[in-house]
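Taking it in order: structure first as structure tokens, then the write-up.
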Amino acid sequence: MTEQTVHPVPRGVRGHAEPAPASWQERVSTVAASAHRMRHHIIDMGEAQGQGYVGQALGVTDLLAAVYRDQLRYHPEDPHWPGRDRFLLSIGHYAIALYAALAEAGVLEVEELATYGADESRLPMSGMASYTPGMEISGGSLGHGLPVAVGMALGLRHRGNDALVYNFLSDGELNEGATWEAAMGAAHHGLGNLVAVVDINALQADGPTASVLSVDALVEKWQAFGWHAVRVDGNDIAELLHAFDRLRDCEERQPRVLLCDTTIGKGVPLLENRERAHFMRVDEHEWQIAREQLDGSAR
Amino acid sequence: MTKKRLTTSAMIASFAEEGQRTTAAPFGHALSGLAAQRDEIVGLTADLGKYTDMHIFAESFPARYYQMGMAEQLLFGAAAGMAEVGLVPFASTYSVFATRRAYDSLCLDIAEPGLNVNIVGGLPGLTTGYGPSHQATEDLAILRGVPGLTIVDPCDSVDIEQAVPALADSAGPTYLRLLRGKVPTVLDEYDYRFELGKAAELRSGGDVVLVSSGLMTMRALDAAQKLAEHRVDTAVVHCPTIKPLDTETILRVADSGRMLATLENHSVVGGLAESVASTLVTNNATRGVVPIGLPDEFLAAGALPTLHDRYGLSTDRIVKRVLEELG
């Protein structure tokens, strides 16, 4: 990966007070430090709940850290600020990862994460917009995020608002026809303000995607649907940042998709090497081991 | 020579009777009129703009018209997204697609967040001779279970013209059973204004009360006239809002010895009849209701007059049924 010296900060205010454009090295280290903290939050939430979609969450942590610490425009103290970029969590069960990101973003207090999945909590297991500040939609019925994102992107453009709309979906969601209806619609309407981010962890509820319903040739599929497609290692922060920068190198009216290959359980060897499961089993004593492994791998 | 049989004709054949006064494309004109006053109104369709009168709006406001293609999940998801950023969308397709094909999108993208998205469903009930693929005979049954969804079944052009701004004004999601093309104009002859959530007594009568919605109100008014020839004094209560139902009016008109019948352009399962019946029972007003509507069947293809007569929606069949019930 070629290093850039200066980040061409694209537009306006981001969540954190970073008045001057950061150097490439600063960008990478900021995101990496954030991702490390997020992984701890995820392990803590998993332990509090006794379970959870910890494997998937650890897999997308680098990606969400890059989004919330390097890309997204928002005001943490005002989650409804009309000029904010919208980040839609189509994959509702990944909420645990987004809560960690929202804590990093300053939208949620870290202390509140301990309530994850508990009765009366604002942080339900599957993300719901009416519960959580910063949660734009109630995802979870898979395949809904991208159609809604198309409408938001159309609506924002219609209203002369230059905010971007990100829709975060998974490779499993590519099974859903609605995703492809929206992919066609986005290209037809020339939605250059729409970014799809796909987590490719190659796993879905009944097993590996390759055995459930193959979704091969992903870059070619999205390109054929009229999108500017970039595929990266979703656990390589430098590559992710570079890819986000490259997403802007396309036609102004072309929707963009970032396809991210991720490793389930990333950062915790115990979980990375565990048998792949949609809902990963973690024994009570293993949470502390996970924490130690996380700190070990960061050194 | 044998008499020429009626034919199915176009999918969107007008159900107006010969010589009846009609108004062209009342929904399209009402939406255009509203959009002239309110910038945030936008129109969407799923490859059925011409068939849901949305084309009138598209011609008036091309920059506020969004064609989503034959993709109903995208239609509703995108309408939700537009509402999320402050627009007030009207999204049209056929009722069968709105309910059967894109129910999950309607339910979760639009209704659960309580967005002001106004769904416009063409060909409700039995208003096409194309058979079950296009006949939304159970759309009310499907949608009545959606929390917070307002459901409107207008009678005529007057109802539609007045309902459109009311639907935009109501904060949450709505579903309008669209009558399109040359739509009968009936209610201007009565002292009537559409009011969301309210039923209106169009005609009083001491023997029978007909509680009707949609185009069946037009039939109820005709039937009431014919019943008068049989010395049956018939009241007609038009109930254009199916949900929330005007419980107060229903209980009031049911509180008498009159025969009570419901008339709906919908299956007798899950629509107006069952709404009225459950309202009565849950308010300890137990009494009989005669449900006049479509049978619990997949219906045949054919010409609309033939089908309305076969399945009991024609004025003659209504009169016959009421007289039978009266014994």
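Bear in mind these aren't lab numbers, they're just calculated from the coordinates by the rules spelled out. Here the structure is a predicted model, which means the values were calculated and not measured. Because the Cβ atoms are built from the backbone with ideal geometry, glycine has one as well, and the counts that use them run over all protein chains shown.
Sparsely packed loop sites in the range B:241-327 (the trypsin sites (Lys or Arg not before Pro) outside DSSP H, G, I, E and B with at most 14 other Cβ atoms within 10 Å) comprise B:287.
Counting only DSSP beta bridges with both residues in the protein assembly as shown, the antiparallel share comes to about 15 percent.
Taken residue by residue and averaged, Cβ atoms of other chains lying within 10 Å of the Cβ of A:122-134 number 1. Springs between Cα atoms under 10 Å define the GNM used for chain B, and in it the highest mean-square fluctuation of B:14, B:133, B:95 occurs at B:133.
3J(HN,Hα) couplings calculated from phi for the range B:41-55 with the Karplus curve 6.51 cos²θ - 1.76 cosθ + 1.60 (θ = phi - 60°) are, in sequence order, 6, 10, x, 10, 8, 10, 6, 9, x, 5, 9, 10, 6, 5, 4 Hz; Gly and Pro show x.
Of all DSSP-defined beta bridges confined to chain B, some 20% are antiparallel rather than parallel. Rounded to the nearest 0.05, what FRET efficiency do residue B:171 and residue A:254 have when you use their Cβ-Cβ distance and R0 = 30 Å? Approximately 0.25, to the nearest 0.05. Size descriptors for chain B: radius of gyration and Dmax over Cα atoms are 19.0, 64 Å.
The coefficient of translational diffusion for the range B:33-104, derived via Stokes-Einstein from the alpha carbon Kirkwood radius under 37 °C and 0.692 mPa s, stands at 270 µm²/s.
Local charge sum around residue B:219 (other residues, Cβ-Cβ under 12 Å, Lys/Arg +1, Asp/Glu -1)?
-3
Positive-end ranking of B:244, A:97, A:74 along the dipole of the protein assembly as shown, with charges on Cβ about the Cα centre, is headed by B:244. Taking chain B as the region of interest, the number of lysine pairs whose Cα atoms are within less than 27 Å, with members eight or more places apart or on different chains, is 10. All alpha carbon pair distances within the range B:101-155 were sorted into 10 Å bins beginning at 0; the resulting P(r) in whole percents reads 21, 52, 25, 2.
Here the contact order of chain A, divided by its residue count and restricted to Cα pairs under 8 Å and six or more residues apart, works out to 20 percent. A viscosity of 0.890 mPa s and a temperature of 25 °C, combined with the Kirkwood radius over Cα pairs in Stokes-Einstein, give a translational diffusion coefficient for the range A:22-139 of 174 µm²/s.
Using a simple spin-label model with pseudo-atoms 7 Å out from Cα toward Cβ, residue A:111 and residue B:233 lie 7.3 nm apart. In chain A, helices alone account for a calculated mean residue ellipticity at 222 nm of -11500 deg cm²/dmol, with every DSSP H run of four or more residues adding -39,500 (n - 2.57). How large is log10 I(q)/I(0) at q = 0.14, 0.17, 0.19 Å⁻¹ when the Debye formula is applied to the Cα atoms of the range B:22-184, each weighted equally and without solvent? Evaluating at q = 0.14, 0.17, 0.19 Å⁻¹ gives log10 I(q)/I(0) of -0.59, -0.92, -1.19.
How many partner chain Cβ atoms sit within 10 Å of a residue's Cβ in peptide A:173-185, on average, as a whole number?
Across the residues of A:173-185, the mean count of other-chain Cβ atoms within 10 Å is 4.
Only the Cβ atoms of Lys and Arg (+1) and of Asp and Glu (-1) were treated as charged; on that basis the dipole of chain A about its Cα centre amounts to roughly 800 debye. With a 10 Å cut-off around each Cβ of B:61-73, the average count of Cβ atoms from other chains is 4. Counting every C-alpha pair in the range B:197-326, the share spaced more than 26 angstrom apart comes to 15%. Here the mean projected area of the convex hull built on the C-alpha positions of the protein assembly as shown is 32.8 nm². Could you work out the local net charge near residue B:21, counting Lys and Arg as +1, Asp and Glu as -1, over the other residues with Cβ closer than 13 Å to its Cβ? So the surrounding residues net to -4. Just so you know, the Rg over Rh for chain A is 0.94, from Cα atoms, with Rh as the Kirkwood radius.
Applying 1/(1 + (r/R0)^6) with R0 = 45 Å to the Cβ-Cβ distance of residue B:39 and residue B:301 gives a FRET efficiency near 0.55.
Over all pairs of different C-alpha atoms, the range B:241-294 has a mean inverse distance whose reciprocal, the Kirkwood radius, equals 11.2 Å. Charge dipole of the range B:197-326 (Cα centre as origin; +1 on each Lys and Arg Cβ, -1 on each Asp and Glu Cβ, all else neutral): 120 debye, rounded to the nearest 20. Normalising the average separation of contacting C-alpha pairs (under 8 angstrom, six or more residues apart) by the number of residues puts the relative contact order of chain B at 18 percent. Quick one: net charge of residue B:203's neighbours, Cβ under 14 Å, K/R +1, D/E -1? Computed value for this residue: -3. Distance between the C-alpha centers of the range B:238-286 and the range A:203-258? Whole Å please. Going from one Cα centre to the other spans 54 Å. Using Cβ point charges alone (K and R +1, D and E -1), the dipole size of the range B:22-184 about the Cα centre works out to roughly 300 debye.
Please check: in the Gaussian network model of chain B (C-alpha springs, under 10 Å), which one of B:228, B:98, B:80 has the largest mean-square fluctuation. Of B:228, B:98, B:80, the Gaussian network model singles out B:228 as fluctuating most.
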